[in-house]
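Encoded as structure tokens, the structure appears first; notes follow it.
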Amino acid sequence: MTVQEEPSLYDRLGGVYNIATVIDDLIDRVMADDRLNANPRVDEAHHRVSPAGFKYYVTEMLCGAEFVESKWVGRELRIGDDVVLEITDHCPRCIMTTLPQGDLPMDNGILRTAARHNEVHVGVYGEVRRAGSEQRGDPVALG
């Protein structure tokens, strides 16, 4: 028996055009909402960022919201001209992801989201196949 893979969140939402359509309407409503704009910080932010830029940012963020690294297992990650990593396994998470970190409060939603959408995995493990040096700005490619 074969297990059919569930479509990604991105695919279930209908891809970038459907996501962008919803975000376009949502941001128009949020930016015009008098209840939200009554908060001086929200009102200031709405005047500091263009609606088009904010729509793009939110759309981009949502389109990348799935656990994309889960599809990397068994593939190579190349960094610059030298470094090659083999992505070997998923990284299971535990209660540590929910604990307060610096100024951030405890958040059970992180682990709950990982459990609901990604079998309690966040991130991946990799093994160095070819060591080398890398620097900021080097290209990163998944093979």
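Nothing in this text is a laboratory measurement; each read-out follows from the coordinates by a stated rule. Source: prediction; values computed, not measured. Every residue, glycine as well, gets a Cβ built from its backbone with ideal geometry; the counts of neighbours run over all protein chains shown.
When the Kirkwood hydrodynamic radius is evaluated over all pairs of different C-alpha atoms of region 68-142, what value in angstrom, to one decimal, is obtained? Don't jump to the answer; show the numbers that get you there.
Values: mean 1/r = 0.0711 Å⁻¹.
It is 14.1 Å.
Could you give the spread of the C-alpha atoms of the chain along their three principal axes, from largest to smallest, in whole angstroms?
55, 42, 37
For Gly123, what residues show an amide H to amide H distance below 5 Å, using hydrogens built from the backbone and excluding near sequence neighbours?
Here Cys91 satisfy the definition.
Work out the length of the dipole vector of the chain about its Cα centre, built from +1 on the beta-carbon of each Lys and Arg and -1 on the beta-carbon of each Asp and Glu, and round it to the nearest 20 debye. Walk me through the numbers before you get to the answer.
Values: 15 positive and 24 negative charges, 33 e Å.
For the chain, the charge dipole is close to 160 debye.
Calculate, for Val22 and Thr98, the FRET efficiency according to 1/(1 + (r/R0)^6) with r their C-beta to C-beta distance and R0 30 Å; round to the nearest 0.05. List each step's numbers first, then the result.
On the way: r = 29 Å, r/R0 = 0.98.
Once the sixth-power term is evaluated, E becomes 0.55.
With charges set only on the Cβ (+1 for Lys and Arg, -1 for Asp and Glu), what does the dipole of region 78-117 come to about its Cα centre, in debye to the nearest 20? If you can, show how the numbers build up before the last one.
Numbers: 4 positive and 6 negative charges, 70 e Å.
Magnitude of the dipole: close to 340 debye.
Within 10 Å of each candidate Cβ there may be at most 10 other Cβ atoms; applying that plus a DSSP loop requirement, which GluC sites (Glu not before Pro) in region 5-92 survive?
Loop-located and lightly packed - Glu5.
Go through region 37-143 and name the trypsin sites (Lys or Arg not before Pro) that are in a DSSP coil and have 15 or fewer other Cβ atoms within 10 Å of their Cβ.
Working: sites: Arg41, Arg48, Lys55, Lys71, Arg75, Arg78, Arg93, Arg112, Arg116, Arg129, Arg130, Arg136; in loops: Arg75, Arg93, Arg136.
Within region 37-143, the qualifying trypsin sites (Lys or Arg not before Pro) (loop, at most 15 other Cβ atoms within 10 Å) are Arg75, Arg136.
What full-extension length gain, to one decimal in nm, is calculated for Arg12 and Glu119 as 0.36 nm per residue of separation minus the Cα-Cα distance? Don't skip to the answer; put the middle values down first.
Details: separation 107, 0.36 × 107 = 38.52 nm, distance 1.77 nm.
Length gained between Arg12 and Glu119: 36.8 nm.
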